[in-house]
Amino acid sequence: MVGAQLRDTAQELAAVLWREHTVYRERSGGMVIRGEHVRRWISLAPAGGRDEILVRAGRILDGGTTAPARSEAVVPLSAGTGVLAATCRRLLADAAADAGRRAPDREAAGRPRGSRKSAKSARRNGRGRHTGFGSWVILVCVAGVIALFAYSSAMHG
């Protein structure tokens, strides 16, 4: 009963939210509405209460994979499509705002975080890149093998 009602609700909600959409059942029994053109998804799943559904919203990443849900809410199933659609729009707006805050600046995407000037001055002051302890151990071992080979060649010569 709940599965059929959830599927019908998802179909109605998808038609209200987006003209282009895909509705399918999750492995867990919930329903997913994908809006590829807006790069967002909505998931409807049974919640703890009898007449409640858990609504989650998130983004669709490049390549079609889905990012984890950024926001969620519990809504009574009897509230109707209008209330459910308003809740979904709020969650989608939250997901879009969160994606906007986390997206890197287009200009800075190809550059490292720090400026070149600060990296150069850090190296000059001795705080930049350095040879680690493990690298020194490897260098000493290689030098020891070369010295042993030279000694052995000189003795047996």
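Here, each number is a calculation from the coordinates, and none is a lab measurement. Keep in mind the model is a prediction, meaning the values are calculated, not measured. Positions of Cβ are backbone-derived with ideal geometry, glycine not excepted, and every protein chain shown enters the neighbour counts.
In the range 1-86, which trypsin sites (Lys or Arg not before Pro) fall in coil by DSSP and have 13 or fewer other Cβ atoms within 10 Å?
On the way: sites: ARG7, ARG19, ARG25, ARG27, ARG34, ARG39, ARG40, ARG50, ARG56, ARG59, ARG70; in loops: ARG19, ARG27, ARG39, ARG50, ARG70.
Here the trypsin sites (Lys or Arg not before Pro) that fit, given the DSSP loop and packing criteria, are ARG19, ARG27, ARG50.
Tell me which GluC sites (Glu not before Pro) from the range 24-67 have a DSSP coil assignment and no more than 16 other beta carbons within 10 Å of their own.
Numbers: sites: GLU26, GLU36, GLU52; in loops: GLU26, GLU36.
Sparse-neighbourhood loop GluC sites (Glu not before Pro): GLU26, GLU36.
Put a dot 7 Å past each Cα toward the Cβ at VAL38 and THR22; how far apart are the dots in nm?
Calculated label separation equals 1.7 nm.
Return the sequence-ordered ³J(HN,Hα) values of the range 61-66 in whole Hz as given by the Karplus equation 6.51 cos²θ - 1.76 cosθ + 1.60 applied to θ = phi - 60°, using x for Gly and Pro.
With coefficients 6.51, -1.76 and 1.60, one gets 7, 4, x, x, 6, 9 Hz.
Amide H to amide H, which residues 5 or more places from GLU36 or on other chains are under 5 Å from it, using H placed in the peptide plane?
Close amide H contacts, sequence-distant or interchain: THR22.
Can you run phi through the Karplus equation (6.51, -1.76, 1.60; θ = phi - 60°) for the range 16-27 and list ³J(HN,Hα) in whole Hz, with x for Gly and Pro?
6, 7, 9, 6, 9, 7, 10, 10, 8, 8, 7, 4
From the phi angles alone, apply the Karplus equation (6.51, -1.76, 1.60; θ = phi - 60°) to the range 68-78 and give each ³J(HN,Hα) in whole Hz, x where the residue is Gly or Pro.
x, 4, 9, 8, 8, 8, 9, 10, x, 5, 7
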